[in-house]
Amino acid sequence: MKPVISMSTLRGIPVKDSIALARECGFGGIEIQMDYLPETEEETDAIFQMARDAKLRVSLHAPCGDINISALNRGIREESIRQVMQTIDLAARYKVGPVTFHPGRLSSAREDREEKWQVLRRAVSLISRYALEKDVFVGLENMEARKKELVLSVDDLNRFADLENPRFGVTMDLSHFATNGITDPERPLLPIHNIHISQSREGKPHLPMQDGGSVLTGALKQWLQNYTGCIVLELKSIRDPEIYRKSLEWLKKELAL
Amino acid sequence: MLFGISTKVLRDYPLEDAIYIAADQGYQAIELWVDDVHQLHPDRIIQLTDRLGLTRTVHLLTEDLNIASFNPGIRKESLRQQAEGLRCAAQLGAGAATLHPGRKTAKTRTMEEAWACQTEAVRELAWVAGELGVTLCVEGMEKLNGEFILSCEDLAALLARCDVPGLSVTLDIAHLHTLGNVQTLLQQAKALPVGNVHISQSRGSKPHLTLFDPAGEIDCRGALAVLDTFYQKTVIVEGYVSGQGLEIARRSIRQLETMLEDRI
């Protein structure tokens, strides 16, 4: 299994150049952020064709900025869910995946967290059923330590276990876990469809692997047995291919990939 | 100046009760939040506030919206809802409608891109407001992640970029405190078309404490004195504490009146 590089790492680099760079650096795939895709179908087609030609595995990340699938504001909530579903449609069309999506968060610190959990569960239920219908693997991601986030721990992810279907699982973000003080998380009840990896120090996520930090890989090594999903290197945007290469080497060595 | 109170301070009460409380306590204006007004028919709100002698201002929606979002779907939905809010303000006969500007939520985009998005969005809403006969007032925000319309300079730059007649600003005293000395900053506002003012206390980076909160750091008396030299429209009390709406309404107006009398 060759690790995949996230486009959030390559932010600011045009998508086509990102694909070429991922290949040059030795990654086995690229996780494309929907926010960075062009608007026209023709251009999008060209990008997916380019990834195929480069023999890169493609996973997708649903839009994040300003998106909140459990927003208090109904219009924003519906638009957010629509955009996650649109990402699933794209994955179905190009036969790629998995699709990672962020859980919703509080709109206001004054909101009742338990009531918000019910709103969030309804949204995730809709998305998970849509993924099944479209035959696309989706992963609900655990989030970094921020005041309004709801899904932070493995226990939080397990609250969606009853929504399980053959296409619904989780994206385990090890760096996000570390910001919540969880350095070696337990295996969740839902299947793992995607893994985001990067280092974390002093509460800051998405740092290069080779620089050291609090993310441990003990649990990850166990999960990798029979794992067919992606391992995605997700660094804060740094325009230095040497850093990507070193992180990749570190991952290959540490995880015996 | 016309002292008013936000319906958010009185959110524990049904809207009709909140309107009566505002009038009973001696306020001359009420700021109606768009998400509160659905409780009553617009005609009833107009009839009641007219009878009680309350000037109406409107606060457009804030939570989850971002009119300057780089996500086209979110930006479009945010603009749709704010335009709807302006229609609501027109229906209520509100003179001023306060709008929170958009935020820059994508770190990879440049400030110039954010300004372009912001300008286009505010300009669009200013034209809608103009057609409806409502004064759109863009609020200066607190120093928080992503906010970039903060100071009077920012507001002046936004108004200049938009270049739409009638576009005005809402000054928030507590937000200004997150930027520096309020009295000094208010002096800079003299050149701006100020359509509305929000007032509450603030401590450090925490705004919207009640006016009588002992932790408050703002010299509100001094702020009102500066404001009085160039502004005579609505000054709206903000700062909600659960279960204390009536008490806040009662004490805030007394405090504001005393401050103004002392000045005279």
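The numbers here are math on the coordinates, done by the rules we state, and not lab data. Since we're looking at a predicted model, the values are computed, not measured. Positions of Cβ are backbone-derived with ideal geometry, glycine not excepted, and every protein chain shown enters the neighbour counts.
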**Request:** Tell me what chain A gives for mean residue ellipticity at 222 nm when only DSSP H runs of n ≥ 4 count, each as -39,500 (n - 2.57), the sum divided by the residue total, rounded to 500 deg cm²/dmol.
**Result:** -12000 deg cm²/dmol
**Message:** Under the rule of at least 5 residues apart or a separate chain, name every residue whose amide H is placed under 5 Å from the amide H of B:His59.
**Reply:** B:Leu32, B:Trp33, B:Val34, B:Thr98
**Request:** Under 14 Å from the Cβ of A:Ile238, count the other residues' Cβ atoms, weight Lys and Arg +1, Asp and Glu -1, and hand me the total.
**Result:** +3
**Request:** Calculate for chain B the 222 nm mean residue ellipticity that helices alone would give, adding -39,500 (n - 2.57) per DSSP H run of length 4 or more and normalising by residue count, nearest 500 deg cm²/dmol.
**Result:** -13500 deg cm²/dmol
**Message:** Rounded to the nearest 20 debye, what is the charge dipole size of the range A:1-159 about its Cα centre when +1 sits on each Lys and Arg Cβ and -1 on each Asp and Glu Cβ?
**Reply:** 400
**Message:** Cut-off 10 angstrom, C-alpha nodes, Gaussian network model of chain B. Which of B:His175, B:His59, B:His38 fluctuates the most?
**Reply:** B:His38
**Request:** Would you mind getting me the FRET efficiency between B:Ala156 and A:Arg113? Use the beta-carbon distance for r and R0 = 56 Å, nearest 0.05.
**Result:** 0.90
**Item:** Fluctuation leader among B:Leu144, B:Leu52, B:Leu32 - chain B, Gaussian network, Cα springs under 10 angstrom
**Value:** B:Leu144
**Message:** As a test, work out the antiparallel percent of DSSP beta bridges whose residues both lie in the protein assembly as shown, rounded to the nearest 5.
**Reply:** 10
**Request:** Using +1 at the Cβ of each Lys and Arg and -1 at the Cβ of each Asp and Glu in the protein assembly as shown, identify which of B:Gly204, A:Gln83, A:Phe137 lies farthest towards the dipole's positive end.
**Result:** A:Phe137
**Asked** Going toward the positive end of the dipole of the range B:85-131, with +1 on Lys and Arg Cβ and -1 on Asp and Glu Cβ, which of B:Ala126, B:Leu99, B:Cys88 do you reach last?
**Response** B:Leu99
**Prompt:** For the range B:138-147, in order, what is each residue's ³J(HN,Hα) by Karplus, 6.51 cos²θ - 1.76 cosθ + 1.60 with θ = phi - 60°, in whole Hz (x at glycine and Pro)?
**Reply:** 7, 8, x, 9, 7, 6, 9, 3, x, 6
**Asked** Sequence-distant or interchain residues sharing an amide H contact under 5 Å with B:Ile236, placed H: which?
**Response** B:Gly4, B:Val197, B:His198, B:Ile199
**Request:** Using only alpha carbon pairs under 8 Å that are at least six residues apart, calculate the relative contact order of the range B:2-56 and give it in whole percent.
**Result:** 41
**Complete:** Non-local residues with an amide H under 5 Å from the amide H of A:His61, with H modelled 1.01 Å from N and Pro and chain starts lacking one, are A:Ile32, A:Gln33, A:Met34, A:Thr100
**Complete:** For the protein assembly as shown, whose charge dipole is built from +1 on Lys and Arg Cβ atoms and -1 on Asp and Glu Cβ atoms, the candidate among B:Leu52, A:Thr100, A:Leu126 with its Cα farthest towards the positive end is A:Thr100
**Fill in**
In debye to the nearest 20, the charge dipole size for the protein assembly as shown, taken about the Cα centre with +1 at each Lys and Arg Cβ and -1 at each Asp and Glu Cβ, equals 1020
**Asked** Which whole-Hz couplings ³J(HN,Hα) result when phi for each residue of the range B:229-239 is put into the Karplus expression 6.51 cos²θ - 1.76 cosθ + 1.60, θ = phi - 60°, listed in order with x for Gly and Pro?
**Response** 6, 9, 9, 10, 9, 6, 10, 9, 6, 10, x
**Complete:** Looking only at lysines whose Cα falls under 18 Å of B:Lys190's and that sit 8 or more positions away or on another chain, we get B:Lys233
**Request:** Tabulate in residue order the Karplus-calculated ³J(HN,Hα) for the range A:6-23, using 6.51 cos²θ - 1.76 cosθ + 1.60 with θ = phi - 60°, rounded to whole Hz; enter x for Gly and Pro.
**Result:** 7, 5, 5, 5, 9, 3, x, 8, x, 3, 4, 5, 4, 4, 4, 5, 4, 5
**Request:** Take the cross-link list A:Lys148/B:Lys104; A:Lys116/A:Lys204; A:Lys16/A:Lys221; A:Lys116/B:Lys143; A:Lys148/B:Lys143; A:Lys16/A:Lys236 and give me the ones stretching past 21 Å between alpha-carbons.
**Result:** A:Lys116/A:Lys204; A:Lys16/A:Lys221; A:Lys116/B:Lys143
